[in-house]
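Reading through the structure tokens given below for one structure.
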Amino acid sequence: MIGIKPKWLLNSRMAISPMVDVTDHPFRQLVSLYSKSKDQSSSKSSFITWTEFVSVDGLLANPNRFKSLLDYSEIQRPIVCQLFGSDPDKFNRATKIVADLGFDGVDINMGCPVRKVVERQSSGSALIVDKPTAVSIINATKQAVAGTDMSVSVKTRIGFDEIEIEQWIPTLLQTNPDLLTLHLRTKKELSNCPAHWENEVMGRVTELLKQHRDEHQQQKSNNNNNNKTTTTRLFGNGDIESRLQIDEMFRRYSLLDGIMVGRGIYGKPWFFSDENQHDDGIDLKCRLVALVEHALLIEQHKEKYDLQHNLSSLNLHLKSYTQPLCHLGEIIIR
Ligand SMILES: Cc1cc2nc3c(=O)[nH]c(=O)nc-3n(C[C@H](O)[C@H](O)[C@H](O)COP(=O)(O)O)c2cc1C
């Protein structure tokens, strides 16, 4: 069934990628504090935050442990919780827990390439080659949120071994998720090549989306249906590092509804802010202040995560705040 989209989804043009050990509570909080306008409705830069992925098996087996990991604050809204797994019934039950936690949406991971997830758990990108299970999972998840305002979305890749958008995209669109985010690489490509923003791939995806939207419109007029239902929104993902690149993709692909940014926001919590769009203008003092603020947030929320998580998060972010300053180090050494 095609539903009416929540307003936040219609307004959002950008999103933070779900990233394990990166998009935890402290990082989402920092990005939100730097980038969220008090009045999101008047902001060009309204964006969606995403949690790290959570296993449906883990969540069902030990909900209390995950409740603390899935903690978020109001400023992080709209916030989507990402789940992975392979059993439709477990998705249905886990989604009800996510709904009870007050999330704005639930996202189904159909793109993770990690062997443990794909081979041992038949999850993540394994669902690209098991389309019947993928469809059942989406339907079971939608059933769990029926009658609520929550969105159901899918984040996936453009194929498993080969690019297979001709089969995979229509299969997904037929289930009408509220949002489809496409990481423009296959599972086999991991992150080892440039994302396929070229017209042959992204352009073709938008054509398939247009066909789907036209069919929906036709059905509505055949049924004299005037309600405000809309079809799946499309976000693209992969290798986006600046707001200029985002503008360029919107210019190139007018049917693209939004862009999800992953590694491009490392060390740039101001990425989504309208005021500080251009990272080049951020000076040394601001970078160091952000680093300290981030470290303080990690300290403040350290009980939620294990030591390993906190250390690897701190390590990754430390590097990313100081990386643009490396040339400064070289100058000092010289
Ligand atoms: C450290 C790391 C962790 C990630 N964890 C997840 C995850 O939990 N769920 C997911 O769907 N994708 C995950 N991804 C993939 C990203 O969300 C994104 O699709 C990918 O990095 C490509 O986007 P980018 O080029 O903007 O980084 C992860 C990527 C990285 C680098």
Going through (1) modelled with pLDDT of 90 or more; (2) within 16 Å of the ligand (Cβ to nearest atom) one by one, L291 fails only at (2)
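Looking at segment 224-231, can you tell me whether even one residue there is in contact with a His (Cβ under 7 Å, 6 or more places away or on another chain) and under 27 Å from Q76 (Cα atoms)? Working first, answer last.
Filtering segment 224-231 down to residues in contact with a His (Cβ under 7 Å, 6 or more places away or on another chain) leaves 231.
With the extra rule that they be under 27 Å from Q76 (Cα atoms), the set shrinks to 231.
Yes, because at least one residue in segment 224-231 is in contact with a His (Cβ under 7 Å, 6 or more places away or on another chain) and under 27 Å from Q76 (Cα atoms).
Does L244 satisfy the condition of being under 18 Å from the mean Cα position of the chain (by Cα) and either surrounded by fewer than 18 Cβ atoms within 10 Å (Cβ to Cβ) or closer than 19 Å to S17 by Cβ (or both)? Full working, then the answer.
Numbers: under 18 Å from the mean Cα position of the chain (by Cα): no; either surrounded by fewer than 18 Cβ atoms within 10 Å (Cβ to Cβ) or closer than 19 Å to S17 by Cβ (or both): yes.
Spelling it out, it is not the case that L244 is under 18 Å from the mean Cα position of the chain (by Cα) and either surrounded by fewer than 18 Cβ atoms within 10 Å (Cβ to Cβ) or closer than 19 Å to S17 by Cβ (or both).
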Restricting attention to segment 3-24, report how many residues are farther than 13 Å from R77 by Cβ and either modelled with pLDDT under 95 or touching a helix residue (DSSP H, G or I) at 6+ places or on another chain (Cβ under 9 Å) (or both).
13
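Just a yes or no: is a residue in segment 224-238 on the phi > 0 side of the Ramachandran plot and crowded, with 18+ Cβ neighbours inside 10 Å? Walk me through it before giving the result.
Here is the first cut: in segment 224-238, the residues on the phi > 0 side of the Ramachandran plot are 224, 238.
Retained after the next criterion (residues that are crowded, with 18+ Cβ neighbours inside 10 Å): 238.
Yes, segment 224-238 has at least one match.
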Name the pairs whose Cβ atoms lie under 9 Å apart, with the first residue in segment 255-269 and more than 14 Å from P26 (Cβ to Cβ) and modelled with pLDDT of 95 or more, the second within 7 Å of the ligand (Cβ to nearest atom) and basic (K, R), and 6 or more positions between them or separate chains?
M260/K155
Here are some residues: M249, M260. Which one is within 15 Å of the ligand (Cβ to nearest atom), closer than 23 Å to G203 by Cα, surrounded by fewer than 19 Cβ atoms within 10 Å (Cβ to Cβ) and aliphatic (A, V, I, L, M)?
M249
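Considering only residues that are touching a Leu at 6+ places or on another chain (Cβ under 8 Å), farther than 20 Å from V114 by Cβ and more than 16 Å from the ligand (Cβ to nearest atom), which ones fall in segment 61-99?
Going residue by residue through segment 61-99, those that are touching a Leu at 6+ places or on another chain (Cβ under 8 Å) are 66-67, 70, 75, 78, 81, 83, 86, 90-91, 93-95, 97-98.
Adding the requirement that they be farther than 20 Å from V114 by Cβ leaves 67, 70, 75, 78, 93, 95, 97-98.
Listed by number, the residues that qualify are K67, I75, P78, R93, T95, I97.
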Picked from segment 6-26 (must be assigned to a helix (DSSP H, G or I) and out of contact with any Phe, Trp or Tyr (no Cβ under 8 Å at 6 or more places or on another chain)), the residue nearest to V106 (Cα to Cα) is L9
A94 - would you say it is within 21 Å of W50 (Cβ to Cβ), crowded, with 24+ Cβ neighbours inside 10 Å and more than 18 Å from the chain's Cα centre (by Cα)?
yes
Considering segment 219-246, residues that are under 29 Å from Q174 (Cα atoms), of a type in the set (D, E, K, R) and not in a helix (DSSP H, G or I), and then whichever is farthest from the ligand (Cβ to nearest atom), we arrive at K228
List pairs: first in segment 307-325 and within 15 Å of V292 (Cα to Cα), second modelled with pLDDT of 85 or more and of a type in the set (D, E), Cβ under 8 Å, 6+ apart or cross-chain?
S313/D21; S313/D24; L316/D21
Unique match (being buried (at least 21 other Cβ atoms within 10 Å of the Cβ), closer than 21 Å to E248 by Cβ, in contact with a Ser or Thr (Cβ under 9 Å, 6 or more places away or on another chain) and not acidic (D, E)) among T206, T181:
T181
Near pairs, Cβ below 6 angstrom, 6+ apart or cross-chain, from segment 44-68 (farther than 21 Å from D89 by Cβ and assigned to a loop (DSSP other than H, G, I, E, B)) to any residue that is among the acidic types (D, E) and modelled with pLDDT under 90
K44/D274; S45/D274
Considering only residues that are touching a residue at least 40 places away in the same chain (Cβ under 8 Å) and more than 26 Å from P6 (Cα to Cα), which ones fall in segment 131-157?
K131, T133
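Residues that are more than 14 Å from the ligand (Cβ to nearest atom) and in contact with a strand residue (DSSP E or B) (Cβ under 7 Å, 6 or more places away or on another chain): find the strands (runs of 3 or more DSSP E) completely inside segment 100-209 holding 1 or more of those. Before you say what the answer is, go through the steps one by one.
On the way: elements: 105-110, 151-157, 179-183.
In segment 100-209, the matching strands (runs of 3 or more DSSP E) lie at 151-157.
The values are calculated or read from the model by the stated rules, or taken from the named source; none is laboratory data. Worth saying up front: this structure is predicted, and the values here are computed from it rather than measured. Neighbour counts run over all protein chains shown; Cβ positions are idealised from the backbone, glycine included.
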